[in-house]
Every structure is written in structure tokens, then in C-alpha cells.
Amino acid sequence: MPNTRELIEDITDPGHFEKLATACLREMFPECNLAIQTGVNAEGKTIRSPVDGIVSVKIDGKRELIAIHHTTSKKEDLRSKWLYGLDGDSDTSGGGAEGDVPKTAKIFKPEKQQSPDLKMTLYLTTNKEPDEKLVREVGKITESLSFEIVIVAASSLAHFLDSTARGQWLRKQFLGVEQELLSNELLRDLCARNLDANRPISSSDSWISRSLDDEVEQNSRRKLTLLVGESGTGKSIACFRQLEKNLSRGGYSLVIAQDVLEAASTLDHAIFSTLSALHRHLSPQGPNASAFASATEPFLLLIEDVNESARPAHIIRKLTSNFGDDRGDSHHDSNSTVKILCPVWPAILSGMDLELQKVISPHTSVARRFDSDEGMRAVKRRSEIGGTDKNLSNTSCSEIADALGNDPLLIALHDLNSQATPERVLRDFIEHELQRSALDSVSPASDFRIAINELAEGMMSFRNLRPRWREIESWDLISGKSRELLAIVGRRGFLFRLIGHSAEQRIEFRHDRVRESLLVECCLALDKDDRLSDRIVYDPFFAEVVGSVILEKESSDFLDVVMAETPLAVVSALRSLRGREHSLRSMLVGRVKAWLDSENTHSKANESVLTAARAMLGESIGPEISTLADSAGGSSWSILVVKFINGSFEGGLDLFQYLDPGMASGWMRKRLLDGAEDHFSEYTKGLENLLAETHLPREVRVCALRFAGVIGNPALLSAINECWESDPDQLSNLKSYMWAAARCFDPENCELIEYLCDAWSALPDSEEEGAKTQTKAHVSYGELNFAFQNFPISKALGYFIEKANEKPELESCIRQLLNGVDTPEAVFFVIESIAKRIEELEGTDLRNPILDHYPEVWRRADEGGNPMSESTRIFLRKIWKDEEKNKFVRIEAFKFWAASHRLGDLQLLSEVEPDSEISDKVFWERLLRGDAEAIPFLIEKLKSGDNFMWWQCAKYVSSPELTAFFSAAITKRADELKREQKSHWLDKFYADILMSLEISVAEKLLIAHWEGLQRESHYVLAALYVATPPLVTVAHERISKDTNPGEIVAHLWLRFGIKTKNRPGLTRRCQAEALLPVWEFLKNQSKNFLMESFYQNGWHDLAEKFPASDSLGDLWKAFDGLAEEDPRFFRNERIDEVYITVPSREQFIDSLFSWAESRKDLQSLQLLSEILAVKGLRSDLAKLQRFRDFEIKDVDAIVDNTVFSVQRATLA
């Protein structure tokens, strides 16, 4: 195939070349970006014009006039085309037509006469390569003219088209050569294709708007949202709709399959794998896709379907660890450029230990089933689009929705012409779809049933629940005729569809519940024919399917067979009942109880199966479950909560021994409130009796008070008061009493809370030197404030506010205590209290910086998925828009309002008059939200020189005018540095802006002013970050010549945005390559962080070129270190850090086995077992069996336990 230069030279259509050349100039030379194309009409045909393009721009505050001429003339005609008609020129090969240079000179001459300082440039583009003689001649002519001439020949155009992402995009459009480097345009195209390919099977015509959509939209502003809900609650559809919205608003959206994420070592790898599946020419050498995102155009990812993962808990932990933390600057997390939505089943979270639950909980949001109105509207919508033969009234729709439990999936699948019976919906849907498929074929529906059963049997027998079509063709279980019928079902796309590239198409079922129903029906059919294989029944992966088969067969003999080999399937059957009656219920409970009471069940060999059983019990309902949970033992979150929600008072006490209400947000809070509501009376009675005891141990007392606060029954106040009076350590437990009293508050019975506030008021204001004395502030900060944010205390609010007015010594403490409580009453008290204090300090030199941090509680809540309610925001908006209100109150109201973001905010902000008392703060928020219309105000503010802090806003917005103003500012700063090398805060802000600019613009500014800028390390590091060849050269030269090069690069990792919040870090290989010559000057911390970034980006080959700074470069040494670590303390995170240093899973596992076999000790086997549990495949188990021959303590038990873990998690 011809190369790019040859393709350019072969262009014969002048109009086509002019469009290509103009597009290239606009990208290669920023000053040409706004060029007006005068030589081509709308149809792309060339027209007569003195010039082919022209533009007048301001650069560095000075006007520049640019003219452009294009030509496809032959190489031998170029001289005449450009120069004919100049004084003394005699070349007539151009046919006598005046050349481009003299034509342009006539245009430029009067302009120069009017503006002597005007800079003028002529760009000459050609699809040929001029000879060196002509190039030299043009250069000499330039010396005699008043303008510059720049020749852009075929080779220059080809280099741009081949070497840059934007150039490759243009190359594809104009020359048809596939793009390899990712560009903005290609990324948007791939995002759109990805969404089309992953659109939910259900018809979008049947979707209704629901409150969940609003919750997902708000949650999509934070970095990670785990959307927790039962299967079929509409989580994925709500997330998908948000992805569509984000893409339509200019952001980037992708659906990433869980297996892609699981196989990838980093999120960027997963994004690349997803994109390259759509565009096979995509090269990993280009920029990371996430680098294209910005605060105003974020990258929104949907991880689908993590519940289908072999190890969902591991993925969630990994997501939370890597993307849910709040490292670095705590401000403006909503400006984080990559956001993740991840639908999760409650059962996944229930299986995690309590400590991990505490970490995950702030990232969770609850997806419930339809409420009654949504259920009615969903049925109505289906009836309106042809889901029934008759018109349904709202009452009829409500009756159907109620009968189906307002389950979104069942409503979507239910045949509206039949009776609404939840147990039959899935089966009826499958049957009706097979009947409909038969209408497209000469084969009867019974043949389609045979085909679908053969498919299900093949999926279980060959252990592949997402088979590719070519794999199905190789399964001898499926006949040729059945494959033809399955193809018909796949084309219809209602039961399942075929997705992916034609060479790799795989089956995707409409829903996991549909697939499981098919597997269960297949097992029942196989069992009826006496063909149900033990290989299926005894496989731990299919425990849920076999559990459903137990319930369908209602056979005690089959139950006993399964119990003997796969007890987890029996536990699953019990969980599936969800408290319902069943002929086998008592037998199921008895078998599970006997198994849990067995000593063997609690042996080391059965640790994993017992953990899985505890997780299932955590999702079970019934009067027997608490007893079973006791037998299961352990202190996992699932066991503690299952006792609480199933009515175990002792279980509740155990739970609150580990759980402070301040930690119970999101999904955890919902489960606590549900359990409290279901067992309100019995828990109240139990707490009344316990709290009345006079000699309670302190730990039990605190647990009981936490418990009482969650119940929130005023009837408990007397018992809490008795507990207070008998407590010998009242002040140490004051927070716990305050929590319980506030939640159980009764305005007619304030005696207890009065005692508590008096005790609070009597506490000292500060700690005595050398003593750990509880102070007033200790009560209001931390867990009590968090608990009040998590649980409503509406009844007690008025009391606390009144008490703040009565007791001035408590005002600041109560202000802190109520900050973050989401009611207009609480928020107004806080802002009024702050405003009063700030007004008192007005005109003095005093300032209280703590007061500035109060809105941050709301900002963090907004970012964490718990945004300020709309009613509170409306209340605050009325205050800050009211010019009659006190100025200080207005300002605080605005700051609190602005801490939460909503669509439509910019419209409200733009309505504020520029001369308003709050206008500065309004414009600041507009800029942080990326409002380009606020740029003129920013420029004026920067011109005034009032506050250089406004430069912080410049990195959130962009425009040619702002770039020009910044160019003038950086010129001035470079001149200052040339005169005096003195650092200033501006240098950090300016460097940040340079690193956020287009690469070509940043390069031009840094090179132009390098003489001065090189004197300040921020700019040297910015040059390394931009990493174009000229900048890398000058930066290396500057660092190598410095007497202390280590000082220049001391904070390189931080300036590069590595491990720094809201910064992209390294996104291009050239940035890493630029660091090799300065590597010796870096400190070990920087080396470690950078090396980790190399691995995260998948640059393993590049990392090998850098001298290793620690054990990351020595895999066996890293394994030695891991083996010595306590597995209870974040060893999983360290394992992941080591894992990403290896190019592939296979290499990592092979090295791990070799290392473990070389040591042959307990620690190495335990580490091997732990890693296989999260990264192992069934194909790894044969190697594991070899360890049985080694003399290691408990080797057989550890191997057996590991085998179960791997088989439970994966089929491969």
C-alpha cells in the first residue's frame, strides 16, 4: 500500500488538497486555527480568489495577518507558481499567471503601511516536494520582503498526518488510511459505537423516567458509584441512560465488560481493550483515552456486569482501592475526569467482611424496585406501545404492578394478556418467545425448546456461560438444526442476542435471571430423562442453579444427594425462599443446621465454602436464619447484619460493637433502618431491659446506646436516662448518650437531653497540657456529626438550635455538630452563625480560617453521592438571591449552595448581576464549572491584578482570548525571571496552565520564553511533562547543568499529577521516555511512584529500561516480602501492586508457582492460595496438586480449600 506522502502526491483534485492542507495547517500552526478558506466553495470546488486562505489574529497581544496559498502543481512548475512576477523574474513556465508571493505582497503592502508593526506571514502548501534550490531562493526573497514565508510541503504534511492522533484522524477522512493513534474524534466515534453495541435488549420505548435516573445522574459526578440493588431493578438501564446523556453533552462514555476489567491490570488497560475491540488498528503507543476527558467533559464508565464476574468482590475492592479514595487536594472532586458506575447485587456486598464494608459503604447508592407510581406507569407504557390487546386503566396497571412486586424486570417481561404471577413470568416469557420464534421458521416451537435446552446443557457441560458462536458450532451436544434455530432466536434478540465483532460474536442473554431460568429448566429436563450429570450438580459454580432445581423438584432424596456433595446449593435454595413457605423448608433448615454444626465444616479445608455460605445466609430471611447464623459463626458483616435484620437482639449488640452509626452510609444505612423497622417493638423491649441494668460493662453500654439511636423510639428515653444515672464514666460516653437521646427525642420529655447539654457545657474549651481531657469540641466533631448526617434527627433539631442561643459557649460546637444535616432549619442555623462571626471580625486583622471549611462537608457529601436535597438548595437560593438580606448571610448561603452541583446551575449563576455583592464568588463557581462565557470576567479580574489566585480558574476553561492573555502574562513572567530569579506562587499556577494547554501551544510558549522560564523549576518540569522533542532537549540541558539537579526534580511525581487527585498523571509514553536521562537525580519515592505509573499504563518494556529502585523489579523478592506480611492488613493491595509489574496473568502465575515450589513452606503456600483465590483459573489447579507431595503443615486442607475457591469463582 502507498505511504502517506505518496498518497498526498497522487492527489489531483485541487479542492480536495486545499481542504486537506487547510485542515492540517489549522492543527500544525495554532495561529491558522481560524483561517477563512476563500479558495474553495461549499461544494469543495476551487474558486478564483487572491488568496486561498486568510486570517487576522492577535498573538502575544500583537496582531498578525496570515495568508495561505495551496497548489497541486508539478514539482517543476512550483517556482513559477510561487514566484512568477517578482522583480527580475523571467520564469514563464507557469503560463504567465502572477505567482502566489507577488500576489500576496500586493495585499500585504497597504496593511503594512497602515500598521508598521504588523507581523505578516505567508504559508505555501504543496503536495509535492520542492527542491533545495527553490527553498533557498524563497528564503533569500523573504529577507527582502516585509513578511515571512513558510513552506509546508508533502513530507511535512505526511509527517503530521502520520505522527499525531489528530493528523491520523484527518488522514482517515481525506486519504482513507486507518487511524492508529487515538484522537478526540475517533474516541467520540468509538464511544457512540460502544453504546450502540451495548444498548439493553429491552425496548427504550418502554422505559419510563424514575427517581433512580435522578439519583444516578447525581452519583455520576463522583469518581466511583456502586449502585446496589437486586437483579432486575433497572440498575443497568438507569446507568446506560446516564452514559447516553453524558455523551450527548460532550463527555465520553463507555460500557466496559467485567471480564475485560478483570483481565486488565489497570483501568486504562480496560478502556484500551474495549476501544481496540471496536477499532483493531488502534495502537497502544498513543495517549490514554482518559487523557481526553476534562472536568466539563468527563469520561463516564459503566462496568457491566460485575455480578457475572468470577470474583465480583475482588473487582469491587480493586475499584474502591484505586478509584474511590480521596488522595491529594480535597477540593472539587467533581472535577475528577474519570467517573465509574458499577451496578452490584446486595449479595456481593453481604459476603464481604465488615472492615471492607466500611470502606465501600460511602461509595454505595441504593437502587430500589419501582415505587407504586413508577410500577403503574411502567405497565401503562407497555400497554400503550402494544403490550396488550386491550386498553388498561391506571387501576388495572397498578394491580398488575403490585402483583409483580413492582419488579422492573418482571413488568418488562410479563405478558399483559395473562394473569400476573411472579413465579411464572420468566418461564412464560421464554415459552412465548420460543412460540414467536417458531413463526419465523417452518420448525415447531418444540424444536426451539430442544435447541435452547441443548444450548443450556452445552453451556454447563463446557463451562462457558458466554460462549462465542464459533464455540457453539464445535459443541457436539448441539445439532446442526438446533444451531439454525438458535440463530433465529439470536436474530430476534429478545431472549438473547449476538454481540461483538463478526469473528468473535458471543451470546448475551437479555438478563441474568432469564439465563438462570433457562439453566434450571434444562436441568429439570435432563433430570427427567435421567441425564443430569454429577459434573453439573456437584460443581460449586452452579450452586444457585442446583438450589433452584431442589426447590422445583421438591424431592427429599435429591436434596440429600446434593447435601452430601454440594451443601452450598442447599444454602442457596434456602436463601431463594426469602421467608416463603415451601414443602422442603423445614428439611432445608435442618440439613443446613446439621452441616453448620459439624466440626468438619469449620475446618481449614472448608474455610471458603463456609465463607460463601455465610454470605448467602446474609441475604436470607426467616425466623430460623439467626440460629443458622450463630452456627455459621464468624464476625463478618453478612453474619452480623443477618442476625439483626432477622430479629436477633444479641446479633444487634454484636453488630454495634463493630459499627458506629457515623460509618453507616449508603447501603449499610438502608439495611440498618430496614431491620429496625421490621423488629421495632421487640428491639425496643430488649433495649429497655438492658439499659435499665445498673452494672453494664462500658462496651455493652456503648453498643446498647448505638443500637437505641438506630431504633429511634422515644419510649426508650427513660431507659437511656437510667443508664446515664448509673454510668460511672458518663463523660467518656457522652457522645453515645447524645446520639441516643437525639434520635429518641421527645419534645415533651427533655429532661435527659438537658442533663447531657449541661454536662457538655461544663467540659473545658481546650485540653490541659499533657492530659487527654475531653473538650466541648471533641463531642461535636467526628462520629457524632457523621451519625447526625446519616440518620435524621428532625425532632431534636429545634432543641439544639435553641440551646445554641441559650448557651453561647456551645454555639460553635452545635454549629459543627449540625453542619451537614440536610434540612433548611439546620443549614440556616449554621450559615447564620458563621455569618455573624465573620461580620464581627470585619474591619479587624483577625480571621478564623476554620469558618471557610464548613461548606466542604457539603462538597464531600455531594461528591460521595449524598447531595444536598433540592428543598434545602431552593431555600438557600432564595437567600443568596435576595439583595435585601444581610450581605454576610447571603455570601454564606451562596457558598453552601454552590458546594452541590446540579444541571441548570449555570443558568441561575449567569443571571446574577456583575456588580452584585456576591458576584466574585458567582464568577468563581461559573469558571470552576467550565463556563466559557465567564472568561471575559476572568481576564478583567486578572488584568486588575487584585488577586493572582484567580489564575487557578484558568485551567478549567479555555478560549483563544484567554490563551492570548496567558501568553502575554507568561512573557512578562519570563522577563521578570531573566532579571531576578525569585520564585512566586504564580509559577505553580502558570505551570499548571501550561500542562493543561494543547501540546503545540504549550511548546511554543515554553520555547519562546525559555531563557527566563528555565530559571524556575516549575517550568522545567512542565517542559518535561509536555515532552515534545525540543522541550525534552532544553529541559535535559537545564537539569544536567544545574549544580543541584536533584532539587529541580525533587517533587516531579507530584507536579506530574501522579497519585494526585483530579490530575491525569502520565498519559503518553514520551513523557516516561523523557525521564530516563534524569532518573539518577530522582529520590526513591519518586522512582517508586513513577515506576508504578509505568506499569499501570502497561509500559512494561519501557520500565525495563529504568534502573529498578526497589523490589518491584524483582518478582521473587516481591513474593518474599508479601509472604511475610499479615494477610489481614491490606495484603491484597500489595499483591495488586506487584501484579501490575508483570505483562500478563500467565507470567505472574507461572512465576508465583516457581517461587512457591522453590520455598516449599507454609507461608509460600498460603500466599499462593490467597492469590489463586482472586486471580486463579481452573487450569491452574493441576499445578497446585503437586504441593500435596511437599511436607507442609495442613497442605491437603489448604489445597482443598483453594480448589473450592477457584471452582466456585470461575469456570475456565
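The values are calculated or read from the model by the stated rules, or taken from the named source; none is laboratory data. As the structure is a prediction and not an experimental result, all values here were calculated from the model. With ideal geometry, Cβ positions are generated from the backbone for all residues, glycine too; neighbour counts draw on all protein chains shown.
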Restricting the stretch 913-947 to residues that are of a type in the set (Gly, Ala, Ser), assigned to a loop (DSSP other than H, G, I, E, B) and free of Cβ contacts under 8 Å to residues at least 60 places away in the same chain, the residue that is farthest from residue 855 (Cα to Cα): 945
Residue 652 of a type outside the set (S, T, N, Q), part of a helix (DSSP H, G or I), at pLDDT below 90 and not assigned by TED's automatic domain parsing to the domain that holds residue 861: no
Any pair with Cβ under 9 angstrom, 6 or more apart, that starts in the stretch 369-380 at a residue that is in contact (Cβ under 8 Å) with a residue 40 or more places away in the chain and ends at one that is aromatic (Phe, Trp, Tyr): 377/370; 378/207; 378/370
Test result for residue 1153, modelled with pLDDT of 85 or more, over 19 Å from residue 1173 (Cα atoms) and assigned to a helix (DSSP H, G or I): no
Residue 801 of a type in the set (A, V, I, L, M, F, W, C) and closer than 22 Å to residue 898 by Cβ: no
Filtered residue count, the stretch 400-437, keeping only those that are under 37 Å from the mean Cα position of the chain (by Cα), assigned to a loop (DSSP other than H, G, I, E, B) and β-branched (Val, Ile, Thr): 0
Helices (runs of 4 or more DSSP H) contained entirely in the stretch 443-545, each with at least 1 residues that are buried (at least 20 other Cβ atoms within 10 Å of the Cβ) and not β-branched (Val, Ile, Thr): 445-461, 480-492, 512-528
Flag for residue 436 being among the basic types (Lys, Arg), over 24 Å from residue 209 (Cβ atoms) and free of Cβ contacts under 8 Å to residues at least 12 places away in the same chain: no
Residues of the stretch 142-159 that turn out to be touching a residue at least 24 places away in the same chain (Cβ under 8 Å), touching a strand residue (DSSP E or B) at 6+ places or on another chain (Cβ under 6 Å) and part of a helix (DSSP H, G or I), as a count: 0
Complete set of residues in the stretch 115-144 that are closer than 22 Å to residue 36 by Cα and not charged (D, E, K, R): 115, 118, 120, 121, 122, 123, 124, 125, 126, 127
Residue check, residue 275 among the hydrophobic types (A, V, I, L, M, F, W, C), more than 23 Å from residue 1144 (Cα to Cα) and modelled with pLDDT of 90 or more: no
Residue check for residue 782: at positive phi and surrounded by fewer than 21 Cβ atoms within 10 Å (Cβ to Cβ): yes
Options 483, 492, 535: the member that is in contact (Cβ under 8 Å) with a residue 60 or more places away in the chain and basic (Lys, Arg): 535
Hey, residue 693 free of Cβ contacts under 8 Å to residues at least 60 places away in the same chain, assigned to a helix (DSSP H, G or I) and in the same structural domain as residue 777 (by TED's automatic domain parsing) or not: no
Any hit, the stretch 1017-1037, residues being in a loop (DSSP other than H, G, I, E, B) and either of a type in the set (Asp, Glu) or modelled with pLDDT under 90 (or both): no
Residue in the stretch 752-763 that is modelled with pLDDT of 90 or more, part of a loop (DSSP other than H, G, I, E, B) and not small (Gly, Ala, Ser) present: yes
Residue match in the stretch 884-902 (condition: closer than 23 Å to residue 211 by Cβ and either in contact with a strand residue (DSSP E or B) (Cβ under 7 Å, 6 or more places away or on another chain) or in a helix (DSSP H, G or I) (or both)): yes
Qualifying residue in the stretch 8-20 (condition: closer than 19 Å to residue 967 by Cβ and either exposed (fewer than 15 other Cβ atoms within 10 Å of the Cβ) or among the hydrophobic types (A, V, I, L, M, F, W, C) (or both)): no
Some residue of the stretch 1066-1086 being closer than 23 Å to residue 1192 by Cβ and within 30 Å of the chain's Cα centre (by Cα): no
Output for the stretch 816-825, where each listed residue is surrounded by fewer than 23 Cβ atoms within 10 Å (Cβ to Cβ) and part of a helix (DSSP H, G or I): 816, 824, 825
The stretch 112-141 residues that are in a helix (DSSP H, G or I), paired with ones that are among the small types (Gly, Ala, Ser) (beta carbon under 7 Å, 6 or more apart): 112/146
The stretch 653-675 residues that are farther than 16 Å from residue 701 by Cβ, paired with ones that are part of a helix (DSSP H, G or I) and acidic (Asp, Glu) (beta carbon under 6 Å, 6 or more apart): 662/783
Hits in the stretch 495-526 - residues which are closer than 24 Å to residue 444 by Cβ and over 30 Å from the mean Cα position of the chain (by Cα): 495, 517, 518, 519, 520, 521, 522, 523, 524, 525, 526
Filter result for the condition that a residue is of a type outside the set (Phe, Trp, Tyr) and within 29 Å of the chain's Cα centre (by Cα), over 991, 1050, 1023, 1035: 991
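Rundown of residues vs (1) of a type outside the set (S, T, N, Q); (2) without any contact (Cβ under 8 Å) to a residue 24 or more places away in the chain; (3) in contact with a strand residue (DSSP E or B) (Cβ under 9 Å, 6 or more places away or on another chain), yes/no style:
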site: 688; (1), (2), (3): yes, no, no
site: 697; (1), (2), (3): yes, yes, no
site: 705; (1), (2), (3): yes, no, no
site: 708; (1), (2), (3): yes, no, no
site: 713; (1), (2), (3): no, no, no
Hey, residue 289 of a type in the set (A, V, I, L, M, F, W, C), at pLDDT below 85 and under 26 Å from residue 1026 (Cα atoms) or not: no
The stretch 854-913, residues that are among the aromatic types (Phe, Trp, Tyr) and within 16 Å of residue 836 (Cα to Cα): 854, 880, 888, 894, 896
Residue count for the stretch 782-803, restricted to those that are in a helix (DSSP H, G or I) and either of a type in the set (D, E, K, R) or closer than 18 Å to residue 828 by Cβ (or both): 14
From 643, 685, residue being at pLDDT 95 or above and of a type in the set (D, E, K, R): 685
Scan of the stretch 951-978 for residues that are of a type outside the set (A, V, I, L, M, F, W, C) and either free of Cβ contacts under 8 Å to residues at least 12 places away in the same chain or in a loop (DSSP other than H, G, I, E, B) (or both), ordered by number: 958, 959, 972
